[in-house]
2 protein chains.
Amino acid sequence: MATHSEALTGEMFIGAARVRGTAGTFRAHDPARGTWLEPVYGGGAPADVERACTLAWEAFDAFRDTDLETRARLLDTAAQRILDLGDTLIERACAESGLPRGRIEGERGRTVGQLRLFAEVVRGGEWLEARIDSALPQRQPAPRPDLRQRHIAVGPVAVFGASNFPLAFSVAGGDTASALAAGCPVVVKAHNAHPGTSELVGRALRQAVADCGLHEGVFSLLFASGTVVGAALVADPRIKSVGFTGSRRGGIALMQVAAARAEPIPVFAEMSSINPVYLLPAALAARGADIGRKFVASLTLGAGQFCTNPGLVLAVDGPGLESFLEAAATVLRDSPCATMLTPGIHAAYEEGVERLVSHSKVTAIARGVATSGPNQGRAALFATDADSFLNEPVLQEEVFGASSLVVRCKSVEELRSVTERLEGQLTATLQMDDADLPVARQLLPVLERRAGRILVNGFPTGVEVGHAMVHGGPFPATSDPRATSVGSLAIRRFLRPVCYQDMPQALLPEALRDGNPLELWRRVDGQLVPPATPRR
Amino acid sequence: MATHSEALTGEMFIGAARVRGTAGTFRAHDPARGTWLEPVYGGGAPADVERACTLAWEAFDAFRDTDLETRARLLDTAAQRILDLGDTLIERACAESGLPRGRIEGERGRTVGQLRLFAEVVRGGEWLEARIDSALPQRQPAPRPDLRQRHIAVGPVAVFGASNFPLAFSVAGGDTASALAAGCPVVVKAHNAHPGTSELVGRALRQAVADCGLHEGVFSLLFASGTVVGAALVADPRIKSVGFTGSRRGGIALMQVAAARAEPIPVFAEMSSINPVYLLPAALAARGADIGRKFVASLTLGAGQFCTNPGLVLAVDGPGLESFLEAAATVLRDSPCATMLTPGIHAAYEEGVERLVSHSKVTAIARGVATSGPNQGRAALFATDADSFLNEPVLQEEVFGASSLVVRCKSVEELRSVTERLEGQLTATLQMDDADLPVARQLLPVLERRAGRILVNGFPTGVEVGHAMVHGGPFPATSDPRATSVGSLAIRRFLRPVCYQDMPQALLPEALRDGNPLELWRRVDGQLVPPATPRR
């Protein structure tokens, strides 16, 4: 297909217009080389937010009313346009993130797959959740009117790109894909760690909007040299929802802006999780060393820069735990450093590790190989006891990167009571054998209350994009535990129900008309009814 | 059935214990007679909130894990126990609310019907939204794990009783029914306007909990002499969600408490709506007078004390509108006063009407018959022009009671531009004939953005409890337009998804086990699959 050798310009996409930001400048940084990359990006100003939101609002009614096939085609086209960027995209994303080529290629596959999944979700139409309660004109004491319900898009959505997934959680990532699928125009605030990647993907999305003949306001991409643009975007009255993946501080700041609006809006922020891994007694006794080795592989994957990185290990003290620690330490000591995403993230990691190194209640178990070069994240494993963990809030803070803390518990009871005092998590993982079933049964209700996803004998890194995935969880893992930011259920964040009472057929949306012209699954008088011709 | 002649005690229900509040006292008031009712109620203190929340938390894991039939039986039993209260309940509710017996009997039917509807919803199990993505062990480059998802209860819910529905939106109203259905223990803060009704219904619910052998913490009922208890309840870390129906000020105050928590939680507040009624040109020309008469019937129903009371009429000026106004005025002038719920509500209504009477841009069209007696709400109809309406924010404020404002527009275009500047609404109503279809088509997208329910040729008062109803809408109608507080979808407010990855059958919740032991509809690899034996 076409190659995209057009040079990066450093300009935003405000609808169809390329606009050079005038509020400060910044450049991308190559964290592996410690060098700055061209071009210079101009940061947007509040007037750019205003313009992008005006366009998004203008686009909204027509975009949410597009037929299912048109909207699905937008997502499919965006996927193809991203693939068409070819190596230009891969190389730029690698340079800006320090992530290896294989990882970026995999992430591109995931991004494209995500867009295509949501295209299928749109086509399926089940997200409309069409419901019909038939009129009962003879009912006493009063007739029942004809009531029909469908879901519609909430409005333009602000999406904040994440540093750690320059493709899959960024300009055309899961938030954008699910918002567009719902029928919401999207205004993206690019992450400053990968502006070139953002510009390339922005170009692909912009082209897809044009290819499909849609209003330019369906997609805009803003750059920003500070926090003003992001806050202005969330505060804009035409923005009706927010998708964010990033730090706890950043997410909370946006939640506060959203709550302070004249019309408060929901924020779906995915923020902070230390993803406890439970080593249950029988599993630990039978295969402590093996678990230790696999654990380190998960811990160090991608320099530990995953929301689901296993930053906490909980186990009952004993010989099994010693085997685990010994094996983990052995592997870890041979683990090379990996380039971290940005100097800021690297510095924060170093600080976080230093906090643990110098903490009187924490023992260092092992460090990875020290490598020279900029922004090298050196893996680290620490241990503490349950009392210290519970009494020192700092030990429960996420250290973003390949650092983990093992908490030695005296008993299964203590394991459970530590769990009760954990903050909300994206994941919780049980390493268990059959003999651990009674303990697992005891822990499960607590884990369900604390996490969005519970794994058995796996590791939390690696988040499948499908229908059953939940990438969410109680605060501070996310701002709203009723949502997921990965998987087909993510579309629900951007939908709201509307009821039509006694509306004539000619005025009803197609999804709700007699005869079921869209061939949808519908709930009629409380019963799920399949379409006469199945859609898929 | 059994009659419940036990005297009211003025005590709270904190789990199984009857507790006399020690923080202030209050009594119910009979607004029709202007007299105070026995007994004296003791207001709760923060320690009572603490105790109720402790019990709710203790009850939570077991309650959310009850089988579907047990939880459905709780709701059915509560419905029966409420019926068993017989005339005692009807008489007390009438005395405390000033509402006529027929209305209270109807509301009891609705309350009982609502509990039974949610019992059926629980039994159906579709709220679990079971999803299974099968393992793909051979997938390249990496196998797909087995992923299963279900929804679980979010945690204990705080419910605030509403003044205007002493049964249907109060102690055992829609919020309580849907929260219990979801598996959430409930702590109710009773509305001070009807403590006796609350105590009676609280007794019925408490008995139902005991009848079903459930943990006492599943339900508690608190009284309060001020706002401290409500704020403490929303701030309690064990409360995970809030249901509220009441004033905009009250709802926003609770939203702020919830947002300021260490773990912010969602608040589902149904607050303020003026429910615009559009008189489209052809309908107005053909039957302006008839619409005017029916409009007044909706306006004055229940002294106008409905969230969906039609407080705003929008029409293009002309002879049709004059017919409407003349007919409405004629009927209104003969409308008797009706007793309002409380002296406070009556005073606020009088103030709101006085604001309109004395407003230089507002013309009084008609007032109802002035009746002597306490707390008599005298209906009122006013008119203004579109410019004034848009330039005077006070004219868009809800006047709770039987007052409505007609806005004369110069054109359909002006009608639309006024609509664009309306705040979020629970409902919008079109009075239209076939010839109005083009205008209706033009308005519909705007109305969908502004309201949760759109009616044609009806009136917004009267909210069906079914599957397709939406009683919600953009702020300030509610705090979260993605939710409804009436109808079966209301259960979703209190549920969150959890994903289970590679979990052994023995540990999986029944809803997700192979063989589908609960006989649920499940989404398997993206396809909806019916149970082998249909449940219903």
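The values are calculated or read from the model by the stated rules, or taken from the named source; none is laboratory data. If you're wondering where the values come from, they're calculated on a predicted model, not measured in any experiment. Don't worry about glycine lacking a Cβ; one is built from the backbone with ideal geometry, like all the others, and counts go over all protein chains shown. Ligands, DNA and RNA are excluded from the accessible area calculation, which covers all protein heavy atoms including side chains. Shrake-Rupley method; radii C 1.70, N 1.55, O 1.52, S 1.80 Å.
With a 1.4 Å probe, what is the total accessible area buried between chains A and B, in Å² rounded to the nearest 100? Heavy-atom accessible area buried at this interface is about 6600 Å². Put a plus charge on the Cβ of each Lys and Arg, a minus charge on the Cβ of each Asp and Glu, and nothing anywhere else: the dipole of the protein assembly as shown about its Cα centre is then about 280 debye. To put it simply, the accessible area of the range A:1-98 at a 1.4 Å probe is 53 percent carbon and sulfur. The residues of the range A:498-512 listed by number as losing at least 20 Å² of accessible area in the complex, against the isolated chain and with a 1.4 Å probe, are A:498, A:499, A:500, A:501, A:502, A:503, A:504, A:506, A:507. Peptide A:261-271 has a mean of 3 when you count, residue by residue, the C-beta atoms of other protein chains within 10 Å of its C-beta. If you plug the beta carbon distance of residue B:527 and residue A:326 into 1/(1 + (r/R0)^6) with R0 = 45 Å, you get a FRET efficiency near 0.45.
Chain A has one residue whose beta-carbon comes closest to the axis relating it to chain B; that residue and its distance in whole Å are A:259, 2.
Note on the range A:32-73: dipole from Cβ charges, positive end direction compared against A:66, A:44, A:34; the farthest Cα belongs to A:34. Here residue A:438 yields copy-to-copy label distances, from shortest upward, of 7.9 nm, the label point defined as 7 Å from Cα along Cα to C-beta.
For the range A:276-456, what does the alpha-carbon gyration tensor say about shape, rounded, prolate or oblate, given a ≥ b ≥ c as the root eigenvalues, a/c under 1.5 as rounded, and a/b over b/c as prolate?
prolate
Charging the Cβ of each Asp and Glu at -1 and of each Lys and Arg at +1, and nothing else, the dipole of the range B:1-91 about its Cα centre rounds to 260 debye.
Quick one: length gained pulling residue A:140 to residue A:360 fully straight, 0.36 nm per residue minus the C-alpha distance?
71.7 nm
If a/c stays under 1.5 just call it rounded; otherwise compare a/b with b/c (prolate if a/b is bigger, oblate if not). Do that for chain B, with a ≥ b ≥ c from the square roots of the Cα gyration tensor eigenvalues. Intermediate values should be presented prior to the final figure.
Values: a/c = 2.12, a/b = 1.32, b/c = 1.60.
Note, shape of chain B comes out oblate.
Nearest 10 degrees is fine. How inclined is helix A:86-97 to the longest principal axis of chain A, computing both from alpha carbons? Tilt of helix A:86-97: around 50 degrees. Dipole orientation for chain A: of the candidates A:57, A:179, A:10, A:57 has the Cα lying most toward the positive pole (charges on Cβ; Lys, Arg +1; Asp, Glu -1). Bridges between two residues of the range B:276-456, per DSSP, are antiparallel at a rate of about 20%.
Computed extension gain for residue B:387 through residue B:421, at 0.36 nm per residue and net of the alpha carbon distance, reaches 11.1 nm.
What is the packing order of peptides A:367-375, A:438-446, A:171-179, B:106-114, taking the mean over residues of other C-beta atoms within 10 Å and listing the highest first?
Numbers: A:367-375: 14.9, A:438-446: 17.2, A:171-179: 30.6, B:106-114: 20.6.
Top of the packing list down: A:171-179, B:106-114, A:438-446, A:367-375.
Probe radius 1.4 Å, ligands and nucleic acids ignored: give me the carbon and sulfur share of the accessible area of the range B:231-365 as a rounded percent. Using a 1.4 Å probe with all protein chains present, the range B:231-365 comes out at 59 percent carbon and sulfur. Per-residue mean of foreign Cβ neighbours for A:469-477 is 5 (Cβ atoms of other chains, 10 Å radius). Here the simple spin-label model places points 7 Å from the Cα toward Cβ, and for residue B:333 and residue A:410 these points are separated by 8.6 nm. Angle of helix B:46-64 to the longest C-alpha principal axis of chain B, folded into 0 to 90 degrees and rounded to 10: 60°.
Probing with 1.4 Å while keeping every protein chain in the model, the per residue accessible area of chain A equals 33 Å².
Counting only other chain Cβ atoms within 10 Å of each residue's Cβ, the peptide A:444-453 averages 5. State whether the range A:457-501 is rounded, prolate or oblate according to the following rule on the C-alpha gyration tensor (a ≥ b ≥ c being the square roots of its eigenvalues): a/c under 1.5 gives rounded; otherwise a/b larger than b/c gives prolate, and the remaining case gives oblate. Because a/c hits 1.5 or more and a/b fails to exceed b/c, the range A:457-501 counts as oblate. Between amide H atoms placed 1.01 Å from N, distances below 5 Å from residue B:241 occur with B:158, all of them 5 or more places distant or on a separate chain.
Computing FRET efficiency as 1/(1 + (r/R0)^6) for residue B:394 and residue B:263, where r is the C-beta to C-beta distance and R0 is 41 Å, gives about 0.65. Look at the dipole of the range A:276-456 built from charges on Cβ: of A:331, A:364, A:278, the Cα furthest out on the positive end belongs to A:331.
Using only Cα atoms and rounding to the nearest 10 degrees, what angle (0 to 90) does helix A:281-300 make with the longest principal axis of chain A? Helix A:281-300 sits roughly 70 degrees off the main axis of chain A.
Computed over chain B, the per-residue total of -39500 (n - 2.57) for DSSP H runs of n ≥ 4 gives a 222 nm mean residue ellipticity of -12000 deg cm²/dmol, rounded to 500.
When residue B:371 is represented by a point 7 angstrom out along its Cα-to-C-beta vector, the spacings to that point in the other copies are 8.4 nm, nearest first. Of the peptides A:499-507, B:34-42, the order by per-residue mean of other Cβ atoms within 10 Å, starting with the highest, comes out as A:499-507, B:34-42.
Using Cβ point charges alone (K and R +1, D and E -1), the dipole size of chain A about the Cα centre works out to roughly 440 debye. 3J(HN,Hα) along the range B:255-266, derived from phi through the Karplus expression 6.51 cos²θ - 1.76 cosθ + 1.60 where θ = phi - 60°, amounts to 4, 5, 4, 5, 6, 8, 5, 4, 10, x, 10, x Hz, with x in place of Gly and Pro.
With its label point defined 7 Å out from Cα along the Cα-to-Cβ axis, residue A:502 lies at 5.9 nm from the matching points of the other copies, in increasing order. Give the percent of DSSP beta bridges with both residues in the protein assembly as shown that are antiparallel, rounded to the nearest 5. Looking only at bridges with both residues in the protein assembly as shown, the antiparallel portion is about 40 percent. Between residue B:506 and residue A:40, what FRET efficiency comes out of the Förster formula 1/(1 + (r/R0)^6) with R0 = 41 Å and r the beta carbon distance, rounded to 0.05? Working from the Cβ atoms, E equals 0.10.
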